[in-house]
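Worksheet: the structure to be examined is printed underneath.
The values are calculated or read from the model by the stated rules, or taken from the named source; none is laboratory data. As the structure is a computational prediction, the values presented were derived from the model and not from experiment. With ideal geometry, Cβ positions are generated from the backbone for all residues, glycine too; neighbour counts draw on all protein chains shown.
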Amino acid sequence: MNIFLNVDVPILLMVILTSFCCSLLGSFLVLRRQAMMVDALSHVVLLGIVLAFLLTGTIEAFTMVLGALCTSLLAIFLIGWIERFGGMDTGTAMGVVFTIFFALGLVLLEVFVGSRVHLDAQHALYGALETIIWVTPRSWESLLDGGVWMTLPRQIKTLGVMSIFVVLFVVFFYRALKVTSFDRDYARCMGISLFLVDSVLLVMVTVVVVGSFEAVGVILVMALFICPAAAARMLTDRLVLYVVLSGVLGVLSGVLGYICAAWLPLWLGGTQTLATAGMIAVIAGVIQLVMMIFAPRYGILAQKSRSFLEKKG
Amino acid sequence: MLEFLSLLFFGGGYNTNIVFLGASTLGISGGVMGVFLVLRKRALMSDAVSHAMLPGVCVGFLLLYILGISGGRDFTVLLFGALITGILGTLSVQWIRDQTRLTEDTAIGSVLSTFFGLGMVLLSFIQTLSVEGKAGLSSVLLGQIAALTRMEAEVIFVVSVGVCVVCVLFLRVFVLVCFDRGYCESIGWSGRWIDFMMMGLMLVILSVGLKTVGLVLIIALLIIPAASARFCTDDVVTMVILSGIFGGLSGYVGTGLSAFLSVPTGGIIVVSLGVIFFVCFLFGTRRGVLVRFLGFLYEYYRRRV
C-alpha cells in the first residue's frame, strides 16, 4: 500500500479538478460582480441536496444536482420578488433567502437524515477531502492499465466529467460571456439572449458547487471561485489571459494548499495534518493578497510608486 | 408537550430561564440593529464579518491553552478574539474595496472565505491538542444552546440589553444617518463616528450571538426581522419595533424548540424567522404580496363598476 499513490494522488486529483472548475467559472462571476451569487448558491444547495435525499433515498450525483438546481432556481425567483416587492437591495434579499434555505436544510438534515448517510452538518461546512481513498492501484506501474483508472472514487469521476463540461461551456459561450459581462445593451443589440447566458451560467455554477461541496464544503467553495479570479484580475486586462490565469492560480492554490495541510505540520515538528479545505482557502487568499500588493501594474505598490514618481517628475 | 410549554413559560429553573432571556434579548437587539444594516444596505458585509470571527475565537482559545487555562469556560476571551478578527475583517473588506480595482462583492467574498478557512485550519489544529473544551468550540459554527453555561447566558443578556439601550438612545441620529447624512452632519454629529458606533454594535451582536445561533447563521438574526418588518410598514420607528418583536419571538421559540428537539439552535431560530418572514411577505400590511394583490383586485373592480 503506497500511501502517496492511494491517499494523496486521489485527493490531489480531486483538489485539482475542483479548483480548476471553480476558478474558471469564478473568473466570469467576479467580472460580472456576481461573486455573492456563490455565497448564496453554496448555502442554498444544501437544502436541495437534503430534499433530494429525502424524496429519493439516494445520494446519487444526478439527484443531488437536480435537487440543487431546483432550489437554486426557487431561490433566484424569491430573491427577485423580495427585491421588487420589498424594495430592498439585492444583498438583503440574498441574505434573507440563503440563510433561511440553509437553516431549513440544516434542520431537515439533523431531524430526518441524521446518521443514515455520511452527510452531516459539519461535512457540509467544510467537506470531507480526507476521506477520499483509492485502494486499487498497488504501484505506479498499475496506472498504465486503463481499467485501474475506472476504479477511481465516484467523486473524482463526477468532477472529471464536470471539468470537461466547464471547459466546453467556457469555449462555446466565450463570446456571449464576454459581451454580456461588459456591455449588456450591446449584447441585446447583437441578439444574444441575456436570459440564456445568465441561466446557463447559473446552472453551471450550481453544478460545480454541488460537485465541489463534497470536497471542500460550502464556505470554502467560495474561496476557490473568488480568490484566484481576484488575483488574476490584478494582473491583466486581457480577458483570455485573465480566464486562463484564474484557472492556473486556482489549481496552484489547491495544490499548495494540500501540500501545506498535509506536510507543513510535519515540517514544523507536529504529527497531525490540518484541515485541507481550510488551508486551500487560506493559500488562495494569500495569493490574492500578494497579487493585490505586488501586481506589476495594478498592484498597490505599483500604484503608489507611480504616483510618487509622477509627482517628482 | 407539556414539558415544552412549561419550559416556554419559565418553568425550567434559573439556568434555563436565563438562557431563554438571553436568546430573546439577543433576538430583540439583533432585530433592532438589523434595521439600520438593511437601510444602509450593509447586509452582506455582516456576513463577511461574522465568518471572519472564527479565527479570532480559535486564537483566543489557543491563547488560553498556552497560558494554561481551560478554554471552555472563558467565554469573554473568545468573545474578544472574535471581536478583534471581526474588526480586522471589516477593515480588510474596506481596504480591498478602496485600495484595489476589485469590487465590493469580490472583497466581501474573498475576506469571508479566507478568514473562515483560516479558522477551519486553526480549529483542526485545536482538535489535535489534548485539552478540554475543544468540543464546545465547534458549537460557535452552528450554535448550541445546550452548551451554554449560566455565565455565558448572563453575558449575552446584559450585552443585548446594552445594545438595545444604545439603539433607543441614538435612534433619531441613526435614522438621520441612514436617510440624510448631510443634514445629520450639519447639526453637529460626526458621520464617521456614528458609522463606527453602528459597526461596533453590529460586531458586538455578532460576537455575542456566536454560541446561540452560530456564526454561519447569525446574520439572519440581523437581516430577517428587519426585512420582515419592511413588508409591514414604511415608517422607520414602527419598523424598529416590529423588527425587535420578531427577533425576540423567534429567539424565544427557537431556543425552546432547540432544547426540546436537540437540534442545532441556529437552524431552528432561523427557521422560525423564516416562518415570520413568509407571513409578512404575504400578508404584511404595507407591502405584503397578497395584500397588494387583493388591493389591486379591489381597484380593478372598483373601476369597472
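Exactly one of these conditions fails for B:W189: (1) touching a His at 6+ places or on another chain (Cβ under 8 Å); (2) more than 20 Å from A:A103 (Cβ to Cβ). Give me its number.
(1)
Determine whether segment B:247-255 contains at least one residue that is crowded, with 22+ Cβ neighbours inside 10 Å and of a type in the set (F, W, Y).
For segment B:247-255, residues crowded, with 22+ Cβ neighbours inside 10 Å and of a type in the set (F, W, Y): absent.
Would segment B:68-75 turn up any residue that is at pLDDT 80 or above and more than 8 Å from every other protein chain (Cβ to nearest Cβ)?
Looking through segment B:68-75, none of the residues is at pLDDT 80 or above and more than 8 Å from every other protein chain (Cβ to nearest Cβ).
Of the residues that make up segment B:216-234, is at least one touching a residue at least 60 places away in the same chain (Cβ under 8 Å), touching an Asp or Glu at 6+ places or on another chain (Cβ under 9 Å) and not β-branched (V, I, T)?
No; the residues of segment B:216-234 include none that is touching a residue at least 60 places away in the same chain (Cβ under 8 Å), touching an Asp or Glu at 6+ places or on another chain (Cβ under 9 Å) and not β-branched (V, I, T).
A quick yes/no check of all residues on (1) in a helix (DSSP H, G or I); (2) crowded, with 23+ Cβ neighbours inside 10 Å:
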residue	(1), (2)
B:A23	yes, yes
B:V35	yes, yes
B:K41	no, no
B:A48	yes, yes
B:H51	yes, yes
B:P55	yes, yes
B:I84	yes, no
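Scan segment B:97-107 residue by residue and report those that are facing another protein chain (nearest Cβ under 7 Å) and part of a helix (DSSP H, G or I).
Once the filter is applied, which keeps residues that are facing another protein chain (nearest Cβ under 7 Å) and part of a helix (DSSP H, G or I), segment B:97-107 yields B:Q99, B:D105, B:T106.
Mind checking whether some residue in segment B:260-267 is within 14 Å of chain A (Cβ to nearest Cβ), closer than 23 Å to A:V44 by Cα and without any contact (Cβ under 8 Å) to a residue 60 or more places away in the chain?
Yes; the residues of segment B:260-267 include at least one that is within 14 Å of chain A (Cβ to nearest Cβ), closer than 23 Å to A:V44 by Cα and without any contact (Cβ under 8 Å) to a residue 60 or more places away in the chain.
Is it true that B:G68 is of a type outside the set (A, V, I, L, M, F, W, C) and on the phi > 0 side of the Ramachandran plot?
For B:G68, the condition - of a type outside the set (A, V, I, L, M, F, W, C) and on the phi > 0 side of the Ramachandran plot - is met.
Among the listed residues B:V121, B:V77, which satisfies the condition of being crowded, with 21+ Cβ neighbours inside 10 Å and of a type in the set (V, I, T)?
Checking each option against the conditions leaves just B:V121.
So A:G247 clears everything in (1) over 16 Å from A:T18 (Cα atoms); (2) modelled with pLDDT of 95 or more except one condition, right? Which one?
For A:G247, the exception is condition (1).
Which ones in segment B:109-120 are under 21 Å from A:L235 (Cα atoms) and more than 7 Å from every other protein chain (Cβ to nearest Cβ)?
Residue satisfying the conditions is B:V111 alone.
Going by the conditions given, is B:F116 at pLDDT 85 or above, within 29 Å of B:I96 (Cα to Cα) and either of a type in the set (D, E) or in contact with a Leu (Cβ under 7 Å, 6 or more places away or on another chain) (or both)?
yes
Looking at segment A:33-50, which of its residues are modelled with pLDDT of 90 or more and either surrounded by fewer than 19 Cβ atoms within 10 Å (Cβ to Cβ) or among the hydroxyl-bearing types (S, T, Y) (or both)?
A:R33
Per-residue answers, yes or no, for (1) more than 20 Å from A:V240 (Cβ to Cβ); (2) more than 14 Å from chain B (Cβ to nearest Cβ):
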position	(1), (2)
A:E130	yes, no
A:P137	yes, yes
A:L143	yes, yes
A:K157	yes, yes
A:F169	no, yes
A:F173	no, yes
A:R184	yes, yes
A:R188	yes, yes
A:L202	yes, yes
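Exactly one of these conditions fails for B:V271: (1) touching a Lys or Arg at 6+ places or on another chain (Cβ under 6 Å); (2) free of Cβ contacts under 8 Å to residues at least 24 places away in the same chain; (3) crowded, with 18+ Cβ neighbours inside 10 Å. Give me its number.
Of everything listed in (1) touching a Lys or Arg at 6+ places or on another chain (Cβ under 6 Å); (2) free of Cβ contacts under 8 Å to residues at least 24 places away in the same chain; (3) crowded, with 18+ Cβ neighbours inside 10 Å, B:V271 misses just condition (1).
Count, please, the residues in segment B:172-195 that happen to be out of contact with any helix residue (DSSP H, G or I) (no Cβ under 7 Å at 6 or more places or on another chain) and more than 16 Å from B:K41 (Cα to Cα).
8
Within segment B:108-124, can you find the residues that are hydrophobic (A, V, I, L, M, F, W, C) and either in contact (Cβ under 8 Å) with a residue 40 or more places away in the chain or not in a helix (DSSP H, G or I) (or both)?
Within segment B:108-124, B:I108, B:V111, B:L112, B:F115, B:F116, B:L118, B:M120, B:L122, B:L123 qualify.
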